[in-house]
Amino acid sequence: NTGLQDAYNLAWKLALVIKNQAPIDLLNSYQAEREPVSKFLLLSTEWATRAIVQSNPTIKFLRRHLASFATSFDPVQQRITNTLSELNVNY
């Protein structure tokens with residue numbers, strides 16, 4: 001979804017600028033809007049990867065038991081779904 005959102009964000013801005021319906025400065029908002037999304041994506045992916053590949057027995061125990069407990073709640077499942085699908089990205 002990140003690539004699609006990047007393309008959509010830039011496409012509508014380019015279209016308006018090309019049609020002279022918006023100033024060229026509108027294009028400057030692309031990076032300001034999308035960079036935080038990219039940084040969050042990279043950080044959360046790194047964190048999740050580290051949590052999954054961790055071989056420490058304590059971390060493994062917590063991951064196995066705490067994660068299954070936490071994800072048994074609908075609000076947690078919804079938050080995870082929205083975060084992974086990037087449906088919660090707003091400007």
Inset, instruction - Identify all residues within region 4-26 that are open to solvent by 50 Å² or more (accessible area, probe 1.4 Å) and part of a helix (DSSP H, G or I); write none if there are none. - result: Leu4, Ala7, Tyr8, Leu10, Ala11, Trp12, Leu14, Leu16, Ile18, Ile24, Asp25
Inset, instruction - Filter region 60-91 for residues that are open to solvent by less than 100 Å² (accessible area, probe 1.4 Å) and not in a helix (DSSP H, G or I) and give the result. - result: Thr71, Ser72, Phe73, Glu86, Asn88, Val89
Inset, instruction - Specify which of the listed residues (Val17, Val37, Val53) is β-branched (Val, Ile, Thr) and within 13 Å of Val89 (Cβ to Cβ). - result: Val37
Legend entry - Boolean, Asn1 is free of Cβ contacts under 8 Å to residues at least 40 places away in the same chain and either among the hydroxyl-bearing types (Ser, Thr, Tyr) or open to solvent by less than 100 Å² (accessible area, probe 1.4 Å) (or both): no
Legend entry - Verdict on Ala32 being assigned to a helix (DSSP H, G or I), of a type outside the set (S, T, N, Q), more than 17 Å from Asn1 (Cα to Cα) and open to solvent by less than 60 Å² (accessible area, probe 1.4 Å): no
Inset, instruction - Output yes when any residue across region 37-58 is open to solvent by 50 Å² or more (accessible area, probe 1.4 Å), within 23 Å of Leu87 (Cα to Cα), touching a residue at least 24 places away in the same chain (Cβ under 8 Å) and assigned to a helix (DSSP H, G or I), and no when none is. - result: yes
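The values are calculated or read from the model by the stated rules, or taken from the named source; none is laboratory data. Everything numeric in this text was worked out from a predicted model, so none of it was measured. All Cβ positions, even for glycine, are placed from backbone atoms using ideal geometry, and neighbour counts span all protein chains on display. Surface areas here come from the heavy atoms of the whole protein model, side chains and all, with no ligands, DNA or RNA. Shrake-Rupley method; radii C 1.70, N 1.55, O 1.52, S 1.80 Å.
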